[in-house]
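Notes follow once the structure below has been shown.
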Amino acid sequence: MRNRIAFALIAVLLLAAPLVFSPFRLDLLAKYLCYAIVALGIALAWGRGGMLTLGQGVFFGLGGYAMGMHLKLVEAGPGQLPDFMSWSGVERLPLLWKPFADPVFALVMVVVLPVTVALLLGLLVFRQRVRGAYFAVLSQALAAAFVILLVGQQGLTGGTNGLTNFQLFFGLDLYDDADRRILYFAIVVVLGLSYLVVRQLARSRYGQLLVAIRDGEDRVRFLGYDPALVKTFAFAFSAGLAGIAGALFVPVVGLLTPANLGVVASLELLIGVAIGGRYSLAGAVGGALLFHYAKTIFSEQWPDSWLYVQGALFVAVMLWAPRGLAGLAGQLRDLVAARRRPAAPAPTVLEEARA
Amino acid sequence: MSKLLQVRGLNVVFSGFHAITDLDFALDAGELRFLIGPNGAGKTTLIDVITGLTRPASGSVSFAGQELVGRREYQVVRAGVGRTFQTSVVFEELSVVDNLDLAAGFRRRLPALLRRRHGVSDDVASALDTIGLGALADRPAGVLSHGQRQWLEIGMLVVQRPRLLLLDEPVAGMSRTERERTGELLQSVARDHTVLVVEHDMDFLRRFASTVTVLHEGRLLCEGTVAEVQADPRVQEVYLGRSRDELDKEVA
């Protein structure tokens, strides 16, 4: 019941935000909410499933580019080339771009592209029992490789500049404040729905299975489940969420460049979740909002110091609050309990040693 | 009676070390068998091979007519073979009843998996009853004592509805009363399952075992009742060549 009230309260606050914030601040909030959608996926894959994914930007980017390509084609008009292609001397629309003129195809690809990549990668990697730090490094390398690929294909992807100048988003005029408010509401709704779906997943038997795999993957094999399949599902789900977030990010921010989805961007997505608390969905969402808000504030005031603050925050959370802000209360409770009940003698340990 | 489990010509080699050599071993359906032997005899290795954790160099393991060698661990479980480990692993964050529910679940289809657990299924309820942890059903498994964890593991095994249970040292590290309780649990489980128990504890063996298989240095040494096996001079010799009294002390 308390959860429901909190959920309703936050929903009302978010929906009322346009009354309080200037259009500029509202845009920033909309951008943070996109990151919060990614954070939900990370909370599922990392918090529940123990998969430290440092390459979430890849899926964010795949969704974002699928949407960006469609918007560029709409803007250029039928038969015309997007602006950056003419600048790079491309004369005919590349084959890869053609189907993205269709809005339905583009929307489907926003989810299908990242999910497919995650499914393939997950099955390959988890079948081979790659996990922990090895998986983290692998996912980060994927983000680095993706950026190199994007930058190298100037004529196809816009290179370092990425995709820019979007005017229309499914009939909404992106230069009109009222239309931008509609876009903001859409993002709030998507975030709310994503939260409800991930919460349902986390509470289901599947969610328990995921936690069980995080805490004892080898034991779960002997319960008759294939951990590789279970993990791949969560990983692909988080990739799908990141793709949707990326697709919403494009019209909000008005551009998508490799810098938005590279190694650093992927790490930022993760740090936000770590600070908020990866075991709690609300914590992950709150962490993403707080972290990116702090980034904006710091970058406005002291642009040089932000990187240090970010690093210090991450280290501090990992050292002193591994459960994040959302876990602070529980951590305090454990501390108090441990104080009250001095370390009990552990007869079982002795017995085990003797056996 | 037909053989439920038939191991033939099994060889397991770990980088030059022969853990199991030319082992033939069989279990009848409905049997409660104890497997003993000094350290390094290959007891746990045999269980590891049956359950797909270790690949043998050669040999076959046939279970109810199906070949198990080459299958992945979860496929062996699905074929009807369950096991426990020397160090019990239960999922500490999940409640006792959720641990059991999870163990009972691999036959569930995706839609059931994606829903929350509502109530307690009959299998889980009866397993809770059998292992005597009903009062702790909703507590996280992390609070259980060592003995209770082992019982929970046995319960998690039973709810999988396997035809063959492999228990690796279920009473190691237990107090006397816990051993007694585990022995009774074992007997009640053995009433409708085939069970293979690896155990060191001689008192426990005398009290609860009927047929015993002795392994030594990866080979089958002898098989028989507890009395027969204990009287066998070869068995006395492999237990460091000591007399029976010392032997009891050594392994207890």
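The values are calculated or read from the model by the stated rules, or taken from the named source; none is laboratory data. None of the values given here were measured: they were computed from a predicted structure. Positions of Cβ are backbone-derived with ideal geometry, glycine not excepted, and every protein chain shown enters the neighbour counts. Remember, those area values only see protein heavy atoms, side chains included, never the ligands or the DNA or RNA. Shrake-Rupley method; radii C 1.70, N 1.55, O 1.52, S 1.80 Å.
Pick from A:52, A:289, A:307: which is most flexible by mean-square fluctuation in a GNM of chain A where alpha carbon atoms under 10 Å apart are linked?
Highest fluctuation among the options: A:307.
Using a Gaussian network model of chain B whose springs link C-alpha atoms within less than 10 Å, name the residue from B:180, B:237, B:169 with the highest mean-square fluctuation.
Of the options given, B:237 has the highest mean-square fluctuation.
What is the mean number of Cβ atoms from other protein chains located within 10 Å of the Cβ atom of each residue in peptide A:199-208, rounded to a whole number?
For peptide A:199-208, the averaged partner shielding equals 5.
With everything on Cα atoms, drop me the angle between helix A:23-42 and the longest principal axis of chain A, reported from 0 to 90° to the nearest 10.
Computed tilt is about 50 degrees.
When the Karplus curve 6.51 cos²θ - 1.76 cosθ + 1.60 is applied with θ = phi - 60°, which whole-Hz ³J(HN,Hα) does each residue of the stretch A:186-202 get, with x for Gly and Pro?
My calculation for the stretch A:186-202 gives 4, 5, 4, 5, 4, 4, x, 5, 4, 4, 5, 5, 5, 5, 4, 4, 5 Hz in order.
At a probe radius of 1.4 Å, what is the per-residue accessible area of residue B:60, in Å² to the nearest 10?
30
For chain B, with only Lys/Arg (+1) and Asp/Glu (-1) charged at the beta-carbon, what is the dipole magnitude about the Cα centre, in debye rounded to 20?
920
Please give, to one decimal in nm, the separation of the simple spin-label points placed at residue A:160 and residue B:231, each 7 Å out from Cα toward the Cβ.
Calculated label separation equals 9.0 nm.
Note down the nm distance, to one decimal, between modelled labels 7 Å out along Cα→Cβ at residue B:11 and at residue B:87.
Between residue B:11 and residue B:87, the simple spin-label model gives 3.3 nm.
Under a 10 Å cutoff between Cα atoms, tell me which one of A:233, A:222, A:291 has the largest fluctuation in the Gaussian network model of chain A.
Answer for the Gaussian network model of chain A: A:222.
Rounded to a whole number of µm²/s, how large is the Stokes-Einstein D of the protein assembly as shown at 20 °C and 1.002 mPa s, given Rh as the Kirkwood radius over C-alpha pairs? Working shown, then result.
Working: Rh = 27.5 Å.
Calculated translational D: 78 µm²/s.
List every residue whose amide H lies under 5 Å from the amide H of residue B:30, counting only residues 5 or more places away in sequence or on a different chain, with H placed 1.01 Å from N in the peptide plane.
Correct list: B:194.
Please work out the Cα center distance from the stretch A:214-250 to the stretch A:1-63, rounded to the nearest Å.
Computed from Cα coordinates, the inter-centre distance equals 19 Å.
Based on alpha-carbon centroids, what's the gap between the stretch B:124-168 and the stretch B:24-45 in Å, whole number please?
After rounding, the separation between the Cα centres reads 23 Å.
Residues of B:105-118, mean number of Cβ from any other protein chain within 10 Å of their own Cβ, rounded to a whole number?
4
Can you pull the accessible area of residue B:161 for me, 1.4 Å probe, Å² to the nearest 10?
Surface open to solvent at residue B:161 totals about 140 Å².
Spin-label point model (7 Å from Cα, Cβ direction): what's the residue A:24 to residue B:223 distance in nm?
Between residue A:24 and residue B:223, the label points sit 8.5 nm apart.
Between helix B:176-190 and chain B, what is the angle of the helix's C-alpha long axis to the longest principal axis, kept within 0 to 90° and rounded to the nearest 10?
Taking Cα atoms only, the helix is inclined about 80 degrees.
Let me have the relative contact order for chain A, percent, based on Cα pairs under 8 Å that are six or more residues apart.
31
Can you list the HN-Hα couplings for the stretch A:285-294, worked out from phi with the Karplus curve (6.51, -1.76, 1.60; θ = phi - 60°), rounded to whole Hz and with x for Gly and Pro?
Running phi through 6.51 cos²θ - 1.76 cosθ + 1.60 with θ = phi - 60° gives 4, x, x, 4, 5, 4, 4, 6, 5, 4 Hz.
Which FRET efficiency value, to the nearest 0.05, do you get for residue A:309 and residue B:110 by plugging their Cβ-Cβ distance into 1/(1 + (r/R0)^6) with R0 = 51 Å? Write out the running numbers ahead of the final one.
Details: r = 44 Å, r/R0 = 0.87.
E(calc), rounded to 0.05, equals 0.70.
Taking θ as phi - 60°, what are the ³J(HN,Hα) couplings along the stretch B:44-61 by the Karplus curve (6.51, -1.76, 1.60), each to the nearest whole Hz, with x for Gly and Pro?
Calculated HN-Hα couplings, in order: 5, 4, 4, 5, 4, 5, 4, 8, x, 7, 10, 8, x, 6, 7, x, 9, 10 Hz.
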